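Here's the structure, in structure tokens; my notes come after.
Read the figures in this text as sums done on the coordinates, not as results from a lab. Not measured: the values here are computed from a predicted model. No Cβ is skipped: glycine too gets one built from the backbone with ideal geometry, and neighbour counts run over all protein chains shown.
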Amino acid sequence: MALEDYKADMERCSQCSYCKWIPFDQVKSWRFAKGCPSIAYSNFLSYSARGRFAVALSLLNGQSTYTDRVVDIVYKCVTCGSCDVADKICRYNLEPLEMIHELRFRLVEDGQLLPEHTAVIEHLRKENNMMMKSGAERGDWAKGLDVKHIPGESAEVLFHAGCRFSYDEELRETARTAVTLLRDAGVDVGIMGKEESCCGGRTYDMGYKEDFTRLAENNIKAWNAAGVKTIVTSCADCFHAFLRLYPPLGAKFEVLHTVQFLDRLIKEGKIKFTKTVPLRITYHDPCHLGRQGEPYVPWKGKEKKVKNQIVVYEPRKPRYNGAWGVYEPPRDVLKSIPGLELVEMERIREYAWCCGAGGGAREAYPDFSNWTATERLEEAKSTGAEAIVSACPWCERNLIDAVSAAGDKMKVFDVAELVRQAI
Amino acid sequence: MTLSREVYKELEDIVNPENISEDPAVLDCYRYPLSHTAIHIGPYYRVYTPRGEAVLLPGSAEEVQAIVKLCNKYKIRFKASSTFWSAWGYPCEDNTIQLDMRRMDKILELDEKNMFAVVEPHVIEATLQAEAMKVGLNTHIHGPGASCSCLASATALGGLGPDTAYMGHHNENLLGVEWVMPDGEILRVGSVGSGLGWFCCDGPGPSLKGLVRGMVGTNGAMGVFTKCALKLYPWPGPATLPVEGRPPAYKAVLPDNIKSYTLGFPTWKAWADSCYGIWEAGIGYVAHRQFSMFGRDLKGAMVKILSDPTKTLSDIKELLEDPEIKKMTEDMRRDYQIVLAGMTPRDIEWQEKALDLILEKTGGWKVQGMLEPDRHNWSLLYMLRLGHKNLNLVYGGGYDGCFGLGGTPDFGTSEEPERVEQVTAFKCEWEKKGNIVASGGDAMMGGIGGMGGGGMTMWENFTHFDPHNKASTEGTMEFFDAATDYGVKKGWGPGMEKMNAYARGRDGRSTAKEIRDRILEASAQPEAFRYQRKIKETFNPNDLGDAYYRTLD
């Protein structure tokens with residue numbers, strides 16, 4: 001698809017403003033009713049999905065040209081997909097999140113880049129990671145871990161650590177824990193260590209489609225060569241990339257997030273808890289595991305009309321609106337841990353507020369990114385929870401940084417870490 | 001014209017640089033497509049409202065006041081809008097700046113004991129309702145739904161909606177206003193103007209409610225409203241709506257004292273008699289002909305699609321052949337939705353009995369297909385929160401209402417054949433041309449209680465089209481012109497499709513004065529607009545609004 005292919009969406013957007021809020025049925029208070037961090041932070045209509053439709057149309061029609069403001073509008077978005085869920089409460093023929101990605105692809109093609117992104121991408125091209133670190137150090141997170149290394153050894157399940165868990169020393173214990181839990185439960189699991197490469201998901205969200213495709217194709221080739229059948233990851237961004245972005249490029253792997261695997265192992269009795277974890281927690285749904293974590297359904301078709309002017313698709317088009325994301329497995333895991341008390345925030349599941357780390361915002365707009373995380377922290381605190389738990393290292397890093405910046409005492413955990421504490 | 005650097009700098013100094021922009025792409029986000037929804041003119045294919053000179057995000061009444069004074073100094077027009085639902089809130093002419101009231105979004109006060117709330121412009125219906133419910137209260141939600149500004153509805157427009165029979169119009173609920181007048185002075189209307197609080201818009205203190213609102217509201221053309229107080233109503237349900245289900249098929253399972261019914265009737269006469277019956281009995285919390293907006297032939301299928309998260313619009317043809325859906329659709333042919341809310345167990349028991357008696361007398365029925373639990377709970381949530389109102393646009397992205405019948409229930413039913421059936425037959429003929437959705441002619445949506453306590457019904461015959469498609473958009477325009485001619489020949493007058501033709505023309509700008517005057521002169525009460533002319537001369541001497549405020553020389 002090209003940006004021009006979304007012109008119908010741009011002209012069919014009714015400017016209803018649903019994209020700015022969580023679905024209205026789910027509004028429980030004034031304080032936590034907003035859904036889109038971008039417009040909540042920047043205020044002009046342009047910083048909403050509705051506004052980006054209008055900006056894109058204005059550019060396509062030649063009514064405006066690239067300016068610093070336009071570049072800011074396009075990139076100051078966490079690509080969290082909240083707008084997509086809210087829009088699709090009433091619409092079956094608009095794809096705001098897809099359009100936002102296409103708009104970014106176009107800006108990258110046209111050389112309208114952010115220097116902060118450029119630096120990350122240039123480094124990625126050399127070192128295969130998004131963390132501005134040496135590629136040679138990628139496997140250091142697993143030092144001393146008794147686990148198979150692919151491709152030298154073979155394993156049924158490949159655990160993909162991802163860039164953040166590989167390099168973030170404060171968080172990497174979570175990846176080690178996940179591998180250990182799987183291994184101890186009898187799973188034939190392996191890692192690629194320093195041979196592992198970035199998933200490309202964040203590259204895609206930043207607008208660098210060619211770089212994403214190169215990374216994805218390389219990963220698919222390597223996994224096929226190693227005979228990998230199942231990929232497990234503790235990173236929601238990687239999960240989303242493997243689940244939703246890789247299949248159109250030919251990937252045919254089973255993709256699971258660690259929380260899904262742990263949930264399965266707990267329900268099968270292969271993980272048994274022996275300790276109590278007395279903690280009141282709340283769970284933060286990562287956007288790429290939750291609303292963007294719906295199963296991929298292949299589709300190739302075209303628009304057609306029935307009853308004169310009702311816009312439908314032939315054949316029936318899959319509908320991604322957050323309805324079938326990964327919501328229950330992390331909750332079921334947490335509820336099964338003795339002593340844990342799970343209290344929900346107001347914005348959860350498909351209408352969860354983003355942590356602020358996505359879409360390149362953490363890299364290019366640290367103030368905006370931190371503000372978004374701080375908003376989430378405030379919501380978590382309103383539940384009375386002592387800790388906020390998530391299932392993505394990017395969420396956890398952004399929330400930890402927000403806690404630190406605010407001088408707060410809220411603890412931040414990964415689901416796997418709490419499982420480990422209970423064993 | 002572009003604002004001079006001097007003026008821009010002065011505006012920037014008022015709101016700070018981060019709250020003003022004149023970037024062309026930003027300004028194009030503040031243009032409304034006239035190929036679209038509920039603007040009651042057109043639709044005109046690929047025509048947009050004019051680009052403003054700048055957009056500003058004021059953060060306080062004082063900032064608004066400073067902007068307005070500056071506009072008077074330099075003779076610059078200004079147009080304020082909060083939630084931008086339709087073309088009313090956008091500039092009509094060049095040399096206009098757009099005020100986006102988004103930063104003024106606080107619920108300033110929620111007085112549980114005295115049952116009112118004080119809100120800023122960007123407080124929306126959903127958030128005010130959510131906060132009110134926490135203390136056992138509720139707010140009227142006007143027709144455009146939960147996404148829209150409460151203040152705009154109460155001060156600048158009509159403000160009626162599905163719960164009007166119980167909770168009135170928003171303008172009726174207006175208990176006080178803070179108004180930055182067109183010349184930049186701030187006036188607090190009603191008791192608040194005397195420092196006595198926000199309990200009454202008609203005094204003690206300056207009682208200018210009628211003047212502030214004009215005939216149907218100022219439509220953003222007479223100054224800027226920066227705060228208002230709204231009356232709240234009892235809510236006998238839980239503090240938070242217990243919502244469950246997958247999107248978009250959210251549902252609320254509420255206690256037994258709150259029920260939603262879709263009522264069907266054998267004839268339009270029976271339909272009208274039931275309206276009188278419910279008003280006479282004083283029952284009903286929400287009453288609206290809602291799902292008819294999808295069209296007489298399609299509403300059953302649409303209810304199924306919307307209440308089942310596995311369905312999409314692509315399923316519509318298959319669902320139209322489903323015997324259960326066919327039966328439900330037929331049962332809903334002459335219908336409306338009603339929500340009963342009992343304040344006590346005895347109250348709901350009495351309301352249920354009264355409703356059953358009304359149905360017995362009129363030969364009506366509760367549509368069984370809509371009592372299926374998922375559909376009931378979906379419908380209940382829909383009607384209470386109005387969080388799905390933009391389903392108006394679900395088919396192709398565009399809709400507008402035509403005919404716009406309003407009056408006692410008999411107005412639509414008393415002629416032979418019934419007026420509603422005449423309109424249906426007329427629209428069905430146009431559906432055959434292929435430019436508008438073939439929905440069965442009758443897609444008439446509107447209030448069963450179009451005023452507090454009942455007394456009138458309002459219908460707007462939805463016409464759905466594709467604004468991306470030139471033939472569809474222009475074909476809809478042809479249909480609307482024909483609908484106007486039909487209404488005039490029948491003696492009904494122009495319908496809702498031309499409601500704003502006096503204000504904005506086919507180029508998206510102010511209607512030419514001679515055309516505007518002709519339209520207003522032909523209205524039922526032209527003297528009202530002459531009176532409004534005097535008001536405008538007094539309060540808006542530099543004429544910095546637009547023609548949405550109706551005046552005649």
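Think of each Lys and Arg Cβ as +1 and each Asp and Glu Cβ as -1; about the Cα centre, that makes the dipole of segment A:224-370 roughly 660 debye.
Where nothing but the Cβ of Lys and Arg (+1) and of Asp and Glu (-1) is charged, how large is the charge dipole of chain B around its Cα centre, in debye to the nearest 20?
Its charge dipole is roughly 380 debye.
For chain B, the relative contact order comes to 17 percent (Cα pairs under 8 Å, sequence separation of at least 6).
Karplus-derived 3J(HN,Hα) values for segment B:177-192, using 6.51 cos²θ - 1.76 cosθ + 1.60 with θ = phi - 60°, are 9, 9, 10, 7, 5, x, 8, x, 7, 9, 10, 9, 9, x, 4, 5 Hz; glycine and proline are entered as x. In the structure displayed, which of B:Lys209/B:Lys534; A:Lys305/B:Lys389; A:Lys34/B:Lys134 lie more than 20 Å apart, Cα to Cα? The answer is A:Lys305/B:Lys389.
Peptide A:42-53 is shielded by partner chain Cβ atoms: per residue, an average of 5 of them sit within 10 Å of its Cβ. Neighbouring Cβ atoms from other chains, within 10 Å of the Cβ of residues in A:60-70, number 3 on average. Helix A:393-406 axis versus longest C-alpha principal axis of chain A: approximately 90°, rounded to the nearest ten.
Would you mind calculating the gained length between A:Asp140 and A:Val297 on full extension (0.36 nm times residue separation, minus the Cα-Cα distance), in nm to one decimal?
Working it through step by step, the gained length comes to 52.9 nm.
Of the residues B:Gly136, B:Gly214, B:Leu241, the one whose Cα sits farthest toward the positive end of the charge dipole of chain B, with +1 on the Cβ of Lys and Arg and -1 on the Cβ of Asp and Glu, is B:Gly214. Charge tally around B:Pro247: other residues with Cβ under 15 Å, Lys/Arg +1 each, Asp/Glu -1 each, net +1. Sorting B:His388, A:His117 by the number of Cβ atoms found within 10 Å of their own Cβ, with the fewest placed first, yields A:His117, B:His388.
Shape call for segment A:306-423 from the C-alpha gyration tensor, a ≥ b ≥ c root eigenvalues: rounded (a/c under 1.5), prolate (a/b greater than b/c) or oblate? Oblate shape, in that a/c is at least 1.5 and b/c is the bigger or equal ratio.
Among the listed pairs A:Lys307/B:Lys311; B:Lys231/B:Lys361; A:Lys302/B:Lys299; B:Lys489/B:Lys513, a Cα-Cα separation exceeding 27 Å is found for B:Lys231/B:Lys361. Of the residues B:Phe291, B:Phe529, the one with the fewest other Cβ atoms within 10 Å heads the list, and the complete ranking is B:Phe529, B:Phe291.
Annotation: extensible slack from B:Arg533 through B:Glu330 equals 68.1 nm (criterion: 0.36 nm per residue apart, minus Cα-Cα distance). From its DSSP helices (H runs of at least four residues, each -39,500 (n - 2.57)), the protein assembly as shown gives a residue-normalised ellipticity at 222 nm of -10500 deg cm²/dmol. If you model chain A as an ellipsoid using its alpha carbon gyration tensor, with each semi-axis the square root of five times an eigenvalue, the axes come out at 33, 25, 21 Å, biggest first. Sorting the Cα pairs of segment A:1-96 by distance into bins of 10 Å, from 0 upward, gives 16, 49, 29, 6, 0 percent per bin. Ranked by the mean number of other Cβ atoms within 10 Å of their residues, highest first, the peptides B:316-326, B:375-385 fall in the order B:375-385, B:316-326. Summing Lys and Arg as +1 and Asp and Glu as -1 over all other residues whose Cβ lies under 11 Å from the Cβ of B:Asp481 gives a net charge of -3.
Dipole of segment A:232-357 computed with +1 at Lys/Arg Cβ and -1 at Asp/Glu Cβ about the Cα centre; of A:Val312, A:Tyr327, A:Gly356, farthest Cα towards the positive end is A:Val312. Each of A:Ala416, B:Leu27, A:Val259 was scored by the projection of its Cα onto the charge dipole of the protein assembly as shown, and the greatest displacement toward the positive side belongs to A:Val259; charges sit on the C-beta of Lys, Arg, Asp and Glu.
Shown is the FRET efficiency for B:Asp347 and B:Ser523, computed with R0 = 41 Å from the Cβ-Cβ distance and rounded to the nearest 0.05: 0.45. Counting beta carbons within 10 Å around each of B:Ile258, B:Ile186 and listing the fewest first gives the order B:Ile186, B:Ile258. About its Cα centre, segment B:107-234 has a charge dipole of approximately 120 debye under the convention of +1 per Lys or Arg Cβ and -1 per Asp or Glu Cβ, with nothing else charged.
What does the charge count near A:Leu262 come to, summing +1 for each Lys or Arg and -1 for each Asp or Glu among other residues with Cβ under 15 Å from its Cβ?
My count for the surroundings of A:Leu262 gives +2.
Which of the three applies to segment B:241-387, rounded, prolate or oblate, going by the alpha-carbon gyration tensor with a ≥ b ≥ c and a/c under 1.5 meaning rounded? Taking the square roots of the gyration eigenvalues as a ≥ b ≥ c, segment B:241-387 is oblate. On the basis of the beta-carbon distance and an R0 of 35 Å, B:Thr2 and B:Glu109 show a calculated FRET efficiency of 0.30.
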